[in-house]
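First comes the structure, then the notes that go with it.
The values are calculated or read from the model by the stated rules, or taken from the named source; none is laboratory data. Remember, it's a predicted structure, so these values are computed and weren't measured experimentally. In this analysis, Cβ positions are derived from the backbone assuming ideal geometry, glycine residues included, and neighbour counts consider all displayed protein chains. Only protein heavy atoms, including side chains, enter the accessible area calculation; ligands, DNA and RNA are left aside. Shrake-Rupley method; radii C 1.70, N 1.55, O 1.52, S 1.80 Å.
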Amino acid sequence: MGKAYELTGPAALDNYEIAAILSEVLGREITYTAVPDDAARQAMLEMASPEVMVDILMGLNNIIRKGYTAAVTADVETVTGRPPRDFEAFARNNAAAWQ
């Protein structure tokens, strides 16, 4: 009680790797295109997103891009007693959601 766990899958994947896995699972090409910060900010503001939310999302994107969220832990297995499932297994189990 009172302990925080960092739940992760068994591997840290970038957006390009995720797109490749989804392409394989779905049998069609999925691509990831990095959007420049200025364009992303402008698009969110044009969609009437609150500026404070845009700032938070841009900060989160920066944290992800610098690799600070790429850690892999054993916490899922510690908590559940079984290893985490990888993204490909997750994608295969949920492929219908992306069809």
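Which residues, counting only those in segment 25-44, are in contact (Cβ under 8 Å) with a residue 12 or more places away in the chain and assigned to a helix (DSSP H, G or I)?
Applying the first criterion (in contact (Cβ under 8 Å) with a residue 12 or more places away in the chain) to segment 25-44 yields 25-26, 31-32, 34, 37, 40-41, 44.
Scanning segment 25-44 gives Val25, Leu26, Asp37, Ala40, Arg41, Met44.
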Is one or more of the residues making up segment 45-64 aliphatic (A, V, I, L, M), loosely packed, with under 13 Cβ neighbours inside 10 Å and part of a loop (DSSP other than H, G, I, E, B)? yes
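Condition check ((1) modelled with pLDDT of 95 or more; (2) within 28 Å of Gln99 (Cβ to Cβ)) across all residues:
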site	(1), (2)
Gly2	no, no
Arg28	yes, yes
Tyr32	yes, yes
Glu51	yes, no
Lys66	no, no
Asp75	yes, no
Asp86	yes, yes
Residues of segment 10-33 being small (Gly, Ala, Ser), open to solvent by less than 60 Å² (accessible area, probe 1.4 Å) and either under 18 Å from Ile63 (Cβ atoms) or more than 15 Å from the chain's Cα centre (by Cα) (or both), in sequence order, are Ala12, Ser23
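Out of all the residues in segment 77-99, which are charged (D, E, K, R), part of a loop (DSSP other than H, G, I, E, B) and closer than 12 Å to Thr8 by Cβ? Lay out the reasoning, then the answer.
The first filter runs over segment 77-99 and keeps only residues charged (D, E, K, R), leaving 77, 82, 85-86, 88, 92.
Filter again for part of a loop (DSSP other than H, G, I, E, B), leaving 82, 85-86.
Selection gives Arg85, Asp86.
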Just one listed residue, out of Ala11, Ala95, Ala34, is touching a Leu at 6+ places or on another chain (Cβ under 9 Å) and not hydroxyl-bearing (Ser, Thr, Tyr), and it is Ala95
